[in-house]
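Comments concern the structure below.
Please treat every number below as a calculation from the coordinates, not as lab data. Quantities reported herein were computed from a predicted structural model and do not represent experimental measurements.
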Amino acid sequence: MVGKLYLVGCGLTPDLITLRALTVAREADHVFVDSYTSRLLGDGLAKLEELIGRKVEVLGRSDLEEGLTKKVLPLASTRRVALLVVGDPLVATTHNAIVVDAVKRGIDVEVVPGVSIVPTALTLSGLMIYKMGRIATITYPVHGVLSEHPYNVLKDNDERGLHTLFLLEMDAEKGYYMRVPEAIEILYKLEERRGEGVVSPERLAVAVGALGDRERQRVCPGTLGELMGFDADVPHTLIVVSPKPHFMEEEALDAAKRMLCK
C-alpha cells in the first residue's frame, strides 16, 4: 500500500475544524495530534475525538523532535497518517521541518489548512491585514537575559507604519503560557534598557485571549498601561498598533472593544 502523510490544521477550537480536515482524519489509518506546539484546551481533545469518531494518539515534544522518524514517518511510508495540529499546520517551523523530512524520504504529503491565530487575531481586532508587519515572539529570560529581538521588530515595524503581532512563549506540553501583562512587563524592561522611546504605557495595543472560543474569547484594545490588567483564558496574544493607525482602524478597534471585550 502506498502511504501518505496528511498535516491537518484543526482550527483554534474543535468547532472551527473544516470539512476537509474532518474527512481526512476520518479516512486516515492512523491519527495523531500535536500537543507540543499548541494544545486543545479544556475538553477540546475529547470534542475533537467525538467529531472524528475515533481515538487520537497524542504526541509530545520528544515524539515530534526525536520519535517522529521512528514511528510516524515509517507508518506514513505505507499507510495514510494524519497529524492534527491546532490552528494552521505550517505556522510552526516544527511542522515545516516534518514536511521537508517526509518529502526527502519520498513520502507523499498533503497539507490541510486551518483557522490560525495569524492573521485571525489581527483581523478580529479591526486592524487592516495589509498593515501587518513582521511577527515576533516574546520569550521569558534565559539565564536572566532577555532577548531584544521583540523590541527590534517593533521598532522596525513602527518605522514602516505597520502593526506588530507578538506571539507569547508557551509550552503546551508542560502547561505554561505567558500572559499579556507578563509580555508588557518584558517590553517595559526592554524599553528601560534601550531607551529609544518605542514602548510606553500610553502606546495603543490589543490583548487577545482564548481566540476562537465562542464563550471565552476576548479581544480588548487599549493602552499598554490599561492592558496590564488584562485577565482572560490562555493562550494570549499581544498586538501593538502602528503609531499612526488609519481612522477606519480606530473606529474598528472601538467596535471590537464593544463587541469582544466583555
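Figures for the structure shown
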read-out: Relative contact order (percent, whole number), region 111-179, Cα cutoff 8 Å, 6+ residue spacing; value: 30 percent
read-out: Most mobile listed residue (PRO243, PRO141, PRO150) in the chain, GNM with C-alpha springs under 10 Å; value: PRO141
read-out: DSSP bridge orientation in the chain - percent antiparallel, rounded to nearest 5; value: 50 percent
read-out: Length-normalised contact order for region 4-112 - Cα pairs under 8 Å, 6+ apart - percent; value: 49 percent
read-out: Equivalent ellipsoid dimensions for region 4-112 as semi-axes, Å, which come from the Cα gyration tensor, largest first; value: 20, 15, 12
read-out: Computed [θ] at 222 nm, helices only, for the chain once each DSSP H run of length n ≥ 4 contributes -39500 (n - 2.57); value: -10000 deg cm²/dmol
read-out: Sequence-separation-based contact order of the chain, relative, with Cα cut under 8 Å and 6+ spacing, percent; value: 20 percent
read-out: Correct choice for Cα extents along the principal axes in Å that was computed from the model, options (1) 78, 48, 33; (2) 56, 39, 35; (3) 61, 39, 31; value: (3)
